[in-house]
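The values are calculated or read from the model by the stated rules, or taken from the named source; none is laboratory data. As the structure is a computational prediction, the values presented were derived from the model and not from experiment. In this analysis, Cβ positions are derived from the backbone assuming ideal geometry, glycine residues included, and neighbour counts consider all displayed protein chains. We work out accessible area using only protein heavy atoms, side chains counted, and drop any ligands, DNA or RNA first. Shrake-Rupley method; radii C 1.70, N 1.55, O 1.52, S 1.80 Å.
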Amino acid sequence: MYIPLIFLLTAFFLGFSISINLSSRFEMSGENSGFFLTLALAFPAGAVVLGDISYFSSYFSKIYLKNVENCQSSGIAVGVIASLFISFFLLFLNKKMGKNGMCIYNGRKAACEAVFFAVLFSFIFFSFFYVFHVKNGVLYSGASVYSDYSPHTAMIRSFSKNNNFPTQYPHYGGADVRYHFLFQYFIGVLERLGMRIDAAYNLCSALGLSSFLIFLYFLSLKLAKSSAAGVIAIVMFFFRSGSAIFIYLFKNKENIGKAIKNLRTHSDFIGYTLHEDWGFWNYNVFLNQRHLGFALSIAAAVIFVFSDFVKEREKDAWSIQAFKTSDIKTALILGILLGLLGFYNGAVVIGCLLILFGFFLFSSEKLDFVITAGISVILCFLQSGFFIKSGGFKPKFQFGFIAGDTAGDVLTYIFRLSGLYFVVLIVLLMSLKGKNKKILLSFMAPYIFAFCVNMTGDVAVNHKYIIMATLFSNIYVAYSIAMLWREKNAVLRIFASVLLVSLTLTGAYDMRTIFIKNEAKAAVNLNSELTAWLCKNTTEDDLFLTPQYAMSEFTMSGDMMYLGWPYYPASAGYDTDRRQEITDTLYTTDDAELFRKTAKEEGVDYVVYEKGMKTASDTKATERLIKKICKKVFETKDGKTSIYKVMN
């Protein structure tokens, strides 16, 4: 267990040496932000850099040095050693420049904030563990998160049990990788080093999301000048705004007592917009998209720093003096961190750049923006060129998101989805002035992008941009509530309380539903005979024709499927229709020559057959030809699952 801890501590030490060089930019007069934000950024920043160094070192070791068996051991060792050198250099640089913003200005407040952040981390870690944990060798995944964990755990296992270099997408093996996977790689390294998969996944996820919320708190304090606004913004993170609960009660107004009673026993999300019943907009997103919260922590650090440059007056943003730099070192560091984030979560990078562009229009120190954005874009393009060899979905203009294709459809959708929140935002846009109005407009840039551009082929995934815009816009909504309460007027305080309850009631119901819904869990035996045989006898270079597995004993081996559950590769831009047709053919044909020819052309090495299985077209698969021309190399003791080697 001490080896993965060394890897984690190396990440933290490296991240601390990076964040200490930014600490002076995290300082706020009389506040403890420099201390807490330096610590908050340490793990995410260190994990991104250490993860990238280890990954590319492992890749080089396997591909160019032909060190197939020990490529990850050598790559991880190089990553740790290089990180230590970088850490000492950055600490020396910071000491030489004499800048250190890690100061405690208010000890009592710092203690309260520390307790608050500790409670946040504890709840986040508990909720992550609640929906994803191992007990007695069995991996349990909650009902509301099981689907998303399927490709993520398969990718994790492709590194912890295999050497997935060059990296393939386990649910669409034999091709390049078009999905941001490096967070899963980092978890895979920890499991490979000896940390249990649930401990690694939950700990790193909780550290990343907690880091983001700490930045959200201090960004609220910075912009709204109110600690209460920071707390309310975090409350609104956990309890999203929406109209679903009010529409439900209105639809059942004739028997309101029964409707409320039914809410107590519901185990499903309620919603009246497309996918809202998936938990598409609530805390469930962060439970299943672990890399989202992790990536947001770095994006929030970038936004925190650059919000300093937004000017009250437009003319100050376009004067000659505005086209300069104030701190090249900070711009370089933030550009590198944001750029390296591209294959941790690309949507967060795009969302952050959109907000920065909004800031740029109203800011001084424009050269800092150009440096940070330029470096991040270059790094993202370099990574995309390295990982994505061909094909992929080309971004295109698509108005309406999943709401419809008219302005009326969009406005109706937004109001039905967000309810009163939409009204509050409009009021704020009309009432805020100067710098705060410009920042709020910038925060809404990802919102506009989500309704105008399709980046992946599955436009529904644009909900990440809307979530990101909402989380930062919440700062000003929280500010308005805090200001109403601060007036010490009974009527205004009642109004502020009613407003807060109205904005969070749907989210509170969603949170309750998350815990009820996830009492039901899918179970996968991590020590099954199937998984053990695959880990021992096959590698990442073998391609398996399989049933449409989501998360299963097979995916726990980290091996590559010709086509797993189609939704995952389809949403990442892969051509699943063609492979689905070929899969159906191979499982149902009686033509031996066609089978051999097709399997060879597609690179299929093994066929997994389950008794009674059907293809996606609901046609019964046949084992007769497979058994005749392929060699059976494995069969489970109950005889339900067999693996055949395709003979050339």
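With a sphere of radius 14 Å drawn around the Cβ of Lys258, what net charge do the other residues whose Cβ falls strictly inside it have (Lys, Arg +1; Asp, Glu -1)?
That works out to +3.
Could you check how much of the accessible area of the range 102-176 is carbon and sulfur, as a whole percent, using a 1.4 Å probe?
That fraction is 63 percent.
Relative to the longest principal axis of the C-alpha atoms of the chain, give the angle of the C-alpha long axis of helix 576-588, reported between 0 and 90° and rounded to the nearest 10°.
Result, in degrees: 20.
Can you order the peptides 119-125, 152-158 by their average number of other Cβ atoms within 10 Å per residue, highest first?
Highest-to-lowest ranking by the protection proxy: 152-158, 119-125.
Could you work out how much longer the chain between Val231 and Glu312 gets when fully extended? Use 0.36 nm per residue separation minus the Cα distance between them, nm to one decimal. Display every interim value, and only then the final one.
Values: separation 81, 0.36 × 81 = 29.16 nm, distance 2.60 nm.
Roughly 26.6 nm would be gained on extension.
Accessible area per residue for the chain in Å², computed with a 1.4 Å probe and the full protein assembly in place, what is it?
40
Under a point-charge model restricted to the Cβ atoms of Lys and Arg (+1) and Asp and Glu (-1), what is the dipole moment magnitude of the chain relative to its Cα centre, in debye to the nearest 20?
Working: 61 positive and 47 negative charges, 279 e Å.
Using Cβ point charges on Lys, Arg, Asp and Glu, the chain gives about 1340 debye.
Extension gain Asp618-Glu529, at 0.36 nm per residue separation less the Cα-Cα distance, in nm?
So the extension gain works out to 29.2 nm.
What lysines does Lys488 reach when the alpha-carbon gap must be under 26 Å and sequence neighbours fewer than 8 apart in one chain are set aside?
Straight-distance partners of Lys488: Lys109, Lys222, Lys225, Lys433, Lys437.
Extension gain Thr539-Phe323, at 0.36 nm per residue separation less the Cα-Cα distance, in nm?
Values: separation 216, 0.36 × 216 = 77.76 nm, distance 5.40 nm.
Full extension from Thr539 to Phe323 adds 72.4 nm.
Taking the chain as the reference, fit the longest principal axis to its C-alpha atoms, fit the long axis of helix 463-486 to the helix C-alpha atoms, and give the angle between the two in degrees, 0 to 90, nearest 10.
30
Which trypsin sites (Lys or Arg not before Pro) from the range 1-97 combine a DSSP loop assignment with at most 16 other Cβ atoms within 10 Å?
Answer by residue number: Lys66.
Quick one: net charge around Ala331, please, counting Lys, Arg +1 and Asp, Glu -1 for every other residue with C-beta under 10 Å from its C-beta.
Overall, the nearby charge balance is -2.
In square nanometres, what is the average projected area of the Cα convex hull of the chain?
Mean shadow area of the hull around the Cα atoms is 31.5 nm².
Ignoring the sites themselves, what is the longest stretch of the chain with no GluC sites (Glu not before Pro) in a DSSP loop and at most 15 other beta-carbon atoms within 10 Å?
It works out to 70-311.
Taking the Cβ of Ala570 as the centre, find all other residues whose Cβ is under 9 Å away and add up their charges (Lys, Arg: +1; Asp, Glu: -1).
Within the 9 Å Cβ shell, the charges total -3.
Would you mind checking the tilt of helix 328-340 against the longest principal axis of the Cα atoms of the chain, expressed as 0 to 90 degrees and rounded to 10?
30
Straight-line reach from Lys251: which lysines have a Cα under 27 Å away, not including same-chain ones fewer than 8 places off?
Hits, sequence-local ones excluded: Lys261, Lys517.
Obtain the radius of gyration and the Kirkwood radius of the range 225-335 from its C-alpha atoms and give Rg over Rh.
1.18
Count neighbours as other Cβ atoms within 10 Å of each site's Cβ, and list the trypsin sites (Lys or Arg not before Pro) in the range 371-427 that are DSSP loop with at most 15 such neighbours.
Qualifying residues, ordered by number: Lys389.
Quick one: how many Å² of Met647 are accessible to a 1.4 Å probe, rounded to 10?
90
Sort the following peptides by mean Cβ neighbour count (other Cβ atoms within 10 Å, averaged over residues), highest first: 373-384, 285-296.
Ranking, from highest mean packing down: 285-296, 373-384.
Can you return the aspartates and glutamates within cross-link range of Lys620? Criterion is Cα-Cα under 17 Å, with same-chain partners fewer than 8 residues away left out.
Glu581, Asp584, Asp590, Asp591, Glu610
State, in angstrom, two size descriptors of the range 494-567 derived from its alpha carbons: Rg to one decimal place and Dmax to the nearest whole number.
Cα radius of gyration and Dmax of the range 494-567 are 21.3, 67 Å respectively.
Can you say what percent of the DSSP beta bridges in the chain, counting only those with both residues inside, are antiparallel? Round to 5.
Rounded to the nearest five, the antiparallel share is 85 percent.
On the accessible surface of the range 383-518, probed at 1.4 Å, how many percent belong to carbon and sulfur atoms?
Whole-percent figure for carbon plus sulfur exposure: 70.
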